[in-house]
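The numbers here are math on the coordinates, done by the rules we state, and not lab data. These numbers were taken from a predicted model, which means no experiment stands behind them. Neighbour counts are summed over all protein chains in view; Cβ atoms, including those assigned to glycine, are modelled from backbone coordinates with ideal geometry.
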Amino acid sequence: MFRLDGKTAFVSGASQGIGAEIARRLAERGARVVLAARSTSKLEGLAEELAASGAEALPFALDLADLEAVEARFKELPEEFSQVDILVNNAGITDDNLFLRMKLEQWERVLRTNLSGTFALTRAAVRGMLRQRSGRIVTVSSVVGLMGNMGQANYAASKAGLIGFSKSLAKEFGRRGITVNVVAPGFVETAMTEVLSDEVRQQMASQIALGRFGTAADVAAAVAFLASDEAGYITGEVINVSGGLYM
Ligand SMILES: NC(=O)c1ccc[n+]([C@@H]2O[C@H](COP(=O)([O-])OP(=O)(O)OC[C@H]3O[C@@H](n4cnc5c(N)ncnc54)[C@H](OP(=O)(O)O)[C@@H]3O)[C@@H](O)[C@H]2O)c1
């Protein structure tokens, strides 16, 4: 069950954290995986790790914020990785500030990478899915997109935007055999949250029903499920992986 043999997956933001764990999980299930991000040395390290366990993985340098270049770059995928069956839009950044102090550049930087970058990459990848009349698109949003968060108006707007984006695509592409879903993590132990002070961490953990931060593996499991054949009748959904932080 939940095998992905013969499928090609493309994971953005695969150089670390949640994206790297998603790539590991998809490879474990039998998919060949394109590992995309800006830090090529990290991608190469992960590709070697996956190859050592018998998986096929391709490190692929990509800057999602360079919107005009994304489609052309996607076309440079080598033949054996070019028909993407599973697209995981995971790359994302934060640039926090209280709203009154937030600069327009902070707003635009986060929206550009998180939302417009996802638009550009999805448009490039969906063409092949339309041709073969099947595909899976799984986008990593955040519960912050559903519940808001102080100091994260830009990030929350981008993550809420991804939900509207995904539901719209679910409607546009449903009859073409493509499902489009969202995974919305809560607080997950990665570089993105390690900057938080102990006090903030404790305060956050106190709001989580399960009483702990999530792991990248918790998120990857939900993504791998949505990427599988078994999830074929699920589309336009948002699965919160937040330990009950948001219900
Ligand atoms: N950690 C959490 O608590 C949490 C909670 C909810 C949602 N999320 C979401 O989960 C996703 C992964 O987060 P994470 O915690 O694993 O963060 P992370 O450790 O900071 O990793 C972010 C990934 O995105 C990539 N990335 C950033 N800008 C990029 C760009 N312009 N082009 C291509 N790739 C880019 C980074 O690679 P390079 O720097 O190498 O390009 C990196 O691989 C994000 O969308 C985040 O918003 C995280």
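Quick notes on this structure:
- Sparsely packed GluC sites (Glu not before Pro) within segment 54-147, loop by DSSP, other Cβ within 10 Å at most 13: E76
- Between E49 and E76, the simple spin-label model (points 7 angstrom out along Cα→Cβ) gives 2.5 nm.
- Per-peptide average of other Cβ atoms within 10 Å, ordering 162-169, 110-117 highest first: 110-117, 162-169
- Computed from backbone phi, the HN-Hα couplings of segment 216-233 come to 4, 5, 4, 6, 4, 5, 5, 5, 4, 5, 5, 7, 7, 4, 5, 8, x, 10 Hz, rounded to whole numbers (Karplus: 6.51 cos²θ - 1.76 cosθ + 1.60, θ = phi - 60°; Gly and Pro given as x).
- Peptides ranked, highest mean first, by Cβ atoms within 10 Å: ranges 207-217, 42-52: 42-52, 207-217
- Taking R38, R25, R133 and counting other C-beta atoms within 10 Å, the order from fewest to most: R133, R38, R25
- In the chain, the longest principal axis of the Cα atoms and the axis of helix 117-132 are about 30 degrees apart.
- Per the Debye formula on identical point scatterers at the alpha carbon atoms of the chain, with no solvent, log10 I(q)/I(0) at q = 0.16, 0.17 Å⁻¹ is -1.17, -1.33.
- The label point for Q203 and the one for L130, both projected 7 Å from the Cα toward the Cβ, are 4.7 nm apart.
- Greater than 27 Å apart at Cα, pairs in K103/K167; K7/K75; K7/K42: K103/K167
- Computed label-point distance, nm, for sites D5 and Y233 using a 7 Å Cα→Cβ extension: 2.5 nm
- Given their separation in residues at 0.36 nm each and the Cα-Cα distance between them, D63 and F99 gain 10.3 nm when the chain is fully extended.
- Computed from Cα atoms alone, the Kirkwood hydrodynamic radius reported for segment 138-247 is 14.6 Å.
- Bridging of K171 to lysines at a Cα separation below 20 Å is possible for K159, once same-chain residues fewer than 8 apart are set aside.
- Acute angle (nearest 10 degrees) that the helix 153-173 long axis makes with the longest principal axis of the chain, alpha-carbon atoms: 30 degrees
- Helix 17-28 vs. the chain, principal-axis angle (Cα, 0 to 90°, nearest 10): 30 degrees
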